[in-house]
Amino acid sequence: MIGNIVLTIGLLASLFTLTMYYFTLRGFENTKNFARIGFHTTAIMVIAASALLLHAVLTHQYQYNYVYNYSGSGLPTGLLMSTFYAGQEGSFMLWVLLTSIVGLILLDYTAKRGDLEERTMFFFTLVIAFLLVMVNPLLKSPFNYIWADPSFINAKNINSSFLNLSFVQNFLFTDSSNGTTFVQMNKDLYALLTANGIAINDFIIQGKGLNPLLQNFWMQIHPPILFVGFSMATAPFAFAMAAIVKNEYTEWIKQSLPWILSGMMLLGLGIMLGGYWAYGVLGWGGYWGWDPVENSSLVPWIVGVALIHTMLIQKKSQSNGGHPRFVKTNLLLAVMTYVLVIYSTFLTRSGILGDASVHSFVSPGMLVYFFLVVFIGTFTIIGLGGIAYRWKYLNETFNDDSSGLSRELALFTGAVTLLASAIIVLVGTSAPIFGQSVEIRFYNEMNLPIGIIIGLLNGLSLLLKWKHTESNEIFKNSRNAIAGAVIMTALIVIFGGIHDIMMIIFTFSAAFALFVNGEIAFKILKGKKTHLGAYIAHIGIALFMLGVIATGGKTYEEQIDLVKGEPKSVLGYDLTFKGYTPIDNGKKFAFNIDIAKNGEVKNTISPVMYVADFNNSLMREPDILNMLTKDIYVSPLGYNDGAAQDHNHDQTVTIKKGSSATYENAVVTFVNFEFPEESMSSMMGGGSFQIGAVFNVEQEGKAYEAKAYMKSEGGNRTFVPADVPEANLKIDMINLDASGSVVVSLESLDGSDSNNSHASMTKETLSIEASVKPFINLVWAGVLIMVAGFTVSVVRRTKESKK
């Protein structure tokens, strides 16, 4: 109750702050101090509410519906704290908390810069007010009690000494299909418990726990950094609106630059930390799968990076009293960066991607859905409406006439190219809203030429001078970089085995950007080191591109069954399954595999499998042998202890969405998951659910559709195979992966494919998918170097903003 009261006070304080800043903008002289008091009150209430929620999580106060559904008593302290933001309500609380803290810093920043405070903080406070509405008791408050809406609690989470009480018996229900007993928690039971002096915390002794996929170190790091990036994206929006209010468009650039740089640095880092998590722990097999949830945060980052480049043009063009350029573009991009952050929230939290991404949030209900639409609509109308209101003045005062070949032109072209990429990703990600979907290759094929252009423009823009460059100077300034890029590309083509012409051009463009930036950075080292930021960041981007080329184009995968004690040659290495070791108090099992080269064991890796109590599902964790130039990546697929004699699995394969596997003369393509919204809601609530996998089978020129299912009832997981009589094919789904892949066993319906593999499965066997990922360290190194470059730029632009 007190949490909701504190949040309500915070919301009222934010509305009071808005009112006081509004009067200040109208010319009242005694309202600014009241506005500051109001904003500090808002922030204090949000921080206090967050502290209350964290305390509730740490002390296992299961009377709160949110705490019961997302935390548990057996979690380590770090992971237990991370359950603060494991669900929708908590993630909104984290967002409003971080936005409030950023607001306090912004208030101090703007208060020292004339009338900037009231113009900026009005819009910033408006954002906080919307977020506070989202966590109010009628929408997504994490402080709502568990009995407020009737729910069923597994009896194992109830103190057994109370289950025999006579009045409790009236609230017990047993699922006849599996014998599981539930307690219906509602207001009536709460009233009876209270009347008998039983506290809810004594009655409910265990929560549902944290989803095992989230029980990882990076759960404590990735979401907070991502949300700091979201929160900081609010500042450039507020600065742009402040400029529109005053109808003055030169000062806001230098004031906003440190904020957009910081925000995009953190958002980019947060996105790639998610990629590292997916790669190293979740077993996606890669760091990026073009999943809609991933894409939704990538789009505002791309637009924000484009904004940085067009802001630099305006800042340079208006220096020394020059004519500002791309003013309208900067206003528009600053608005769209934040609107796309909200749109990202809408996509991931409205449940609208439930069928496209199995790790999207469940539908929050129509009221929240409607409010998210209002949230997007309001800030879109405010931002674009403000620009439209000033359009006549902007159009008459500012023009963007090109002065020929110049750095401005190259930077603007680069920004347009980035926006093209953002539009492509946005269209693909939004397709499920219209009942469509796109394959991964859509993103890859559409973004490859864009990546080439970005690499070339990255280098070329730095070789051009501001305002105008003679064409003969370009070759003179670029010949060293071109020579270096040609040599590097040739070496990669010869020794790396890259033969696709587009990938060769992409390699050249990345190498060209690397050499240009490296050459300039080397020269600057002797001068102003704070000017190194952009070049360091660009070097990071170039290395990232080279890592993408290496891992994307030259990763080799192989699925294989490892019989215990028998070495098998896989991708140039000898792998030997040595048996398994119980870990984590016997809850998990590490499957030990020796990796040998030329008869010498180089290392032992241990992928893990276990059945999670949370959802009674088989969980798989890969293990990676990380070397300087490559990773050996091993994902466990399945384990047979050799005792089973009745298996007749002829071919076990992992098929990613949109990819195919061949069996006999049939081509089996995994099309999509079929995950109805009601099943998703039931899954998130711990109930029974069903997920379908849709396949397309082609044989002898004919195509057939087939669906296999995974059913979870009362915690028991079963698979229903798909039979395709026309192709004499049985598709038996063994597992599915949230990132968009399924593990299936393919066999004939009439048993005609029985062969020696059956015999091998009578031995203790571990099925794995092994892959070698060359130069993936370039991806991680590129990201870290890019962040370092951003940091240096933030320092420089912050100093400039004080002048």
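The values are calculated or read from the model by the stated rules, or taken from the named source; none is laboratory data. Everything numeric in this text was worked out from a predicted model, so none of it was measured. We place every Cβ from the backbone using ideal geometry, glycine too, and count neighbours over all the protein chains shown. Note: areas computed on protein heavy atoms with side chains; ligands, DNA, RNA excluded. Shrake-Rupley method; radii C 1.70, N 1.55, O 1.52, S 1.80 Å.
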Checklist line | Probe 1.4 Å, protein heavy atoms only - accessible area per residue of the chain in square angstrom | finding: 42
Margin query: So for the chain, averaging the separation of alpha carbon pairs under 8 Å that are six or more residues apart and normalising by length, what relative contact order in percent results?
Written below: 11
Checklist line | Cα-based reach from K392 at 18 Å (exclusive), listing aspartates and glutamates while leaving out same-chain residues under 8 positions away | finding: E248, D400, D401
Note to self: Need the full-extension length gain, N159 to N603, defined as separation in residues times 0.36 nm minus the C-alpha distance. One decimal, nm.
What the structure shows: 155.1 nm
Item checked: HN-Hα J in Hz across the range 457-470 - Karplus 6.51, -1.76, 1.60, θ = phi - 60°, x for Gly and Pro -> 5, 4, x, 4, 4, 7, 8, 8, 8, 5, 6, 7, 9, 6
Check: What pairs in K140/K656; K656/K773; K316/K526 have C-alpha atoms more than 25 Å from each other?
Finding: K140/K656
Notebook entry, point to check: If you place +1 on the Cβ of every Lys and Arg, -1 on the Cβ of every Asp and Glu, and leave all else neutral, what size is the dipole of the chain about its Cα centre, to the nearest 20 Debye?
Noted result: 4100
Margin query: From the helices alone, meaning DSSP H stretches of at least four residues, give me the mean residue ellipticity at 222 nm for the chain, per-run term -39500 (n - 2.57), in deg cm²/dmol to the nearest 500.
Written below: -17500 deg cm²/dmol
Margin query: Sorting check: for 505-515, 233-243, which peptide has the highest mean count of neighbouring beta carbons within 10 Å, and how do the rest follow?
Written below: 233-243, 505-515
Notebook entry, point to check: Stretch E396-V416 to full length: gain in nm at 0.36 nm per residue minus the Cα-Cα span?
Noted result: 4.9 nm
Checklist line | Partners for K588 among lysines (Cα-Cα distance below 22 Å; same-chain residues under 8 apart left out) | finding: K156, K208, K564, K578, K763
Notebook entry, point to check: Calculated FRET efficiency, R441 and L571, Cβ-Cβ r, R0 22 Å, to nearest 0.05?
Noted result: 0.40
Notebook entry, point to check: Say the dipole of the chain comes from +1 at the beta carbon of Lys and Arg and -1 at that of Asp and Glu; which of V368, Y66, V96 then lies farthest toward its positive end?
Noted result: V96
Item checked: Calculated from backbone phi, Karplus (6.51, -1.76, 1.60) coupling profile of the range 79-85 in Hz, x at Gly/Pro -> 5, 4, 5, 5, 5, 3, 10
Notebook entry, point to check: FRET efficiency for E698 and I433, Cβ-Cβ distance as r, R0 = 25 Å, nearest 0.05?
Noted result: 0.25
Check: Is there a pair in K254/K803; K467/K528; K523/K802 whose C-alpha atoms are over 21 Å apart, and which pairs would that be?
Finding: K467/K528; K523/K802
Next item on the list: Rank A513, G599, I583 by how far each Cα sits towards the positive end of the charge dipole of the range 502-643 (+1 on Lys, Arg Cβ; -1 on Asp, Glu Cβ) and give me just the farthest.
Entry: A513
Checklist line | Options [x] 0.97; [y] 1.02; [z] 0.99 - which one matches Rg/Rh (Cα atoms, Kirkwood Rh) as calculated here | finding: [z]
Next item on the list: Please report, as a whole percent, how much of the solvent-accessible surface of the range 283-347 comes from carbon and sulfur atoms (probe radius 1.4 Å).
Entry: 63
Notebook entry, point to check: Between A490 and K526, what FRET efficiency comes out of the Förster formula 1/(1 + (r/R0)^6) with R0 = 35 Å and r the beta carbon distance, rounded to 0.05?
Noted result: 0.65
Item checked: Square roots of five times the Cα gyration tensor eigenvalues for the range 40-93, Å -> 20, 11, 10
